[in-house]
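Comments concern the structure below.
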Amino acid sequence: MLFVEDDYIFPHPDCVNRYGILAVGGVLDKKSLFTAYLYGIFPWYNYEHEPIIWWNPVPRFVIFPENVKVAKSMKVYFNQNRFRVTFDQCFESVIRSCEMAPRKGQEGTWINEDIIYSYTELFYAGFASSVEVWDGDSLVGGLYGVKIGKIFFGESMFSLVPNASKFGFIKLASRLAEEGFFVIDCQQPNDYLKSLGGEFITGDLWKNMLFRNRKYILQNDIWLPQNR
């Protein structure tokens, strides 16, 4: 494990340890986030006042948008148009709802004010996205993530009523498939994501996707680092 000595320069992604941790330290802002995700790296706190931990797990757990699984029980929801889904309408409301969502086996959340501020700034810069799920005028579910090139990096989701976030995720996957996205990065495996079609891919395949993704990113973007 290495420490980030420059706020916007990370160790080589292959330096990851066996737990999936690449580095510790640095700053959290829209520029560091953009640089990190460009190489498949993401931040995850243990506790709010500890240094940032930067992760790059290999093999990678992903969902291919065109292969998302829709259970029979969920098809009923779509046939009935049970929920209304919007995109990028209430980003901060979604991330704050994710912060408050209870999670089995977890006493707290990694989503703190630094996370909320930095990802919201990334959203306004055009590199983060939210999905909102509505029941009438009530926001009952949703998710957010980072959207760079043709890869969507999923971050967190919440549901206030059964299957709301799953409904939104399936709608997102359909939209990403239509837009030609390569993959949805799920970061870490769990049974919920496995039920939606999550699978592991090799580190070599993941790096190839990240490399291919670069041609879809604006070359004149002020945050785009030099080739390493």
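A simple rule links phi to the HN-Hα coupling: the Karplus curve 6.51 cos²θ - 1.76 cosθ + 1.60 with θ = phi - 60°, which for region 91-100 gives 4, 5, 5, 5, 5, 6, 5, 5, 4, 7 Hz, with x for Gly and Pro. Amide H contacts under 5 Å for residue 148: 153, restricted to partners 5 or more places along the chain or on a different chain, H placed in the peptide plane at 1.01 Å from N. Each peptide in 12-21, 128-137 gets a packing score, the mean of other Cβ atoms within 10 Å over its residues, and the list from highest to lowest is 128-137, 12-21.
Using C-alpha pairs under 8 Å with a sequence gap of at least 6, the mean separation divided by the residue count of region 5-144 gives a relative contact order of 24 percent. Distant-in-sequence amide contacts of residue 88, defined by a placed amide H-H separation under 5 Å and a gap of 5 or more residues or a different chain, comprise 130, 131, 132.
The phi torsions of region 142-157, fed into the Karplus equation with coefficients 6.51, -1.76 and 1.60 and a -60° offset, translate into couplings of x, 7, 9, x, 9, 10, 10, x, 10, 10, 9, 9, x, 10, 7, 9 Hz, rounded to whole numbers, with Gly and Pro shown as x. At a Förster distance of 41 Å, what's the computed FRET efficiency of residue 114 paired with residue 214, Cβ-Cβ distance as r, to 0.05? Between residue 114 and residue 214 the formula returns 0.90.
Springs between Cα atoms under 10 Å define the GNM used for the chain, and in it the highest mean-square fluctuation of 187, 80, 89 occurs at 80.
Packing around the peptides 193-205, 138-150, taken as the average count of other Cβ atoms within 10 Å per residue, puts them in this order, highest first: 138-150, 193-205.
Each Lys or Arg adds one and each Asp or Glu subtracts one; over the other residues with Cβ under 13 Å from the Cβ of residue 193, this totals 0.
How would you classify region 61-203 from its alpha-carbon gyration tensor, with a ≥ b ≥ c the square roots of the eigenvalues: rounded for a/c under 1.5, else prolate if a/b is greater than b/c, otherwise oblate? Rounded, because the longest to shortest axis ratio a/c is under 1.5.
Would you mind checking 171/194; 31/215; 147/171; 72/215 for any pair whose Cα atoms are more than 27 angstrom apart? Beyond 27 Å: 72/215.
Rule-based calculations on the coordinates, nothing more; no lab input. In this text the structure is predicted, and so the values were computed from the model without any measurement. Because the Cβ atoms are built from the backbone with ideal geometry, glycine has one as well, and the counts that use them run over all protein chains shown.
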